[in-house]
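The values are calculated or read from the model by the stated rules, or taken from the named source; none is laboratory data. Owing to the predicted nature of the structure, the values given are computational and were not obtained by experimental measurement. Neighbour counts run over all protein chains shown; Cβ positions are idealised from the backbone, glycine included.
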């Protein structure tokens, strides 16, 4: 099963995030980052199927870059809070997950109430998007 197997809704992304992520992918490919090729391919697939919207029109319940979200593990019921970040901003100690990490790519564009699924070596991880604690676009922070 791939990262989006359970996703039935629309994947939204802002024009600015799309531009930054496409640039990131191009730079990393040109620099020969072969160790993350699968991650880049997975992110590119998500971008190709996304609905592009202006920052002002993205729904407030959608995970965008730099959103801070509360997820709940479907199996354990444990809540966790993460921020979706660009790779150079990622810091797991601060709960900032790179959009290139499998969970980061899986989170992008999901909405409150949806279940994020992705394969890991130990099996399938499933998290429910419980709450968007901060979304830059929803807060009017369009130029972060």
Filter pass, residue 125 being touching a residue at least 12 places away in the same chain (Cβ under 8 Å) and either out of contact with any helix residue (DSSP H, G or I) (no Cβ under 8 Å at 6 or more places or on another chain) or part of a strand (DSSP E or B) (or both): yes
Every listed condition ((1) modelled with pLDDT of 95 or more; (2) more than 23 Å from residue 113 (Cβ to Cβ); (3) exposed (fewer than 13 other Cβ atoms within 10 Å of the Cβ)) holds for residue 78 save (2)
For residue 133, the lone unmet condition from (1) assigned to a strand (DSSP E or B); (2) free of Cβ contacts under 8 Å to residues at least 24 places away in the same chain; (3) out of contact with any helix residue (DSSP H, G or I) (no Cβ under 6 Å at 6 or more places or on another chain) is (2)
Inspect all residues belonging to the range 65-87 and state whether any of them is free of Cβ contacts under 8 Å to residues at least 60 places away in the same chain and part of a helix (DSSP H, G or I).
-> no
Selection from the range 18-40 of residues over 14 Å from the mean Cα position of the chain (by Cα), part of a helix (DSSP H, G or I) and farther than 18 Å from residue 64 by Cβ yields 26, 27, 28, 29, 30, 34, 35, 36, 37, 38
All conditions in (1) touching a helix residue (DSSP H, G or I) at 6+ places or on another chain (Cβ under 6 Å); (2) in contact (Cβ under 8 Å) with a residue 60 or more places away in the chain; (3) not in a loop (DSSP other than H, G, I, E, B) are true of residue 97 except (2)
Open item on the list: Condition (residue is in a loop (DSSP other than H, G, I, E, B), at pLDDT below 90 and more than 15 Å from the chain's Cα centre (by Cα)) applied to the range 112-120: is it met by at least one residue?
Closed with: no
Residue count, the range 29-58, condition touching a strand residue (DSSP E or B) at 6+ places or on another chain (Cβ under 6 Å) and under 16 Å from residue 118 (Cβ atoms), comes to 0
Of the residues in the range 84-100, those that are under 22 Å from residue 28 (Cα atoms) and touching a strand residue (DSSP E or B) at 6+ places or on another chain (Cβ under 8 Å) come to 84, 85, 86, 87, 89, 90, 91, 96, 97, 98, 99
Is there a residue in the range 110-119 that is touching a residue at least 12 places away in the same chain (Cβ under 8 Å) and on the phi > 0 side of the Ramachandran plot?
yes
The condition of being buried (at least 18 other Cβ atoms within 10 Å of the Cβ), more than 20 Å from residue 120 (Cβ to Cβ), at pLDDT 85 or above and over 14 Å from the mean Cα position of the chain (by Cα) holds, among 65, 58, 52, only for 58
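To keep it simple, each residue is scored yes or no on (1) over 30 Å from residue 35 (Cβ atoms); (2) surrounded by 13 or more Cβ atoms within 10 Å (Cβ to Cβ).
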| position | (1), (2) |
| --- | --- |
| 92 | no, no |
| 104 | no, yes |
| 122 | no, no |
| 125 | no, yes |
| 128 | yes, yes |
| 132 | yes, yes |
| 139 | yes, no |
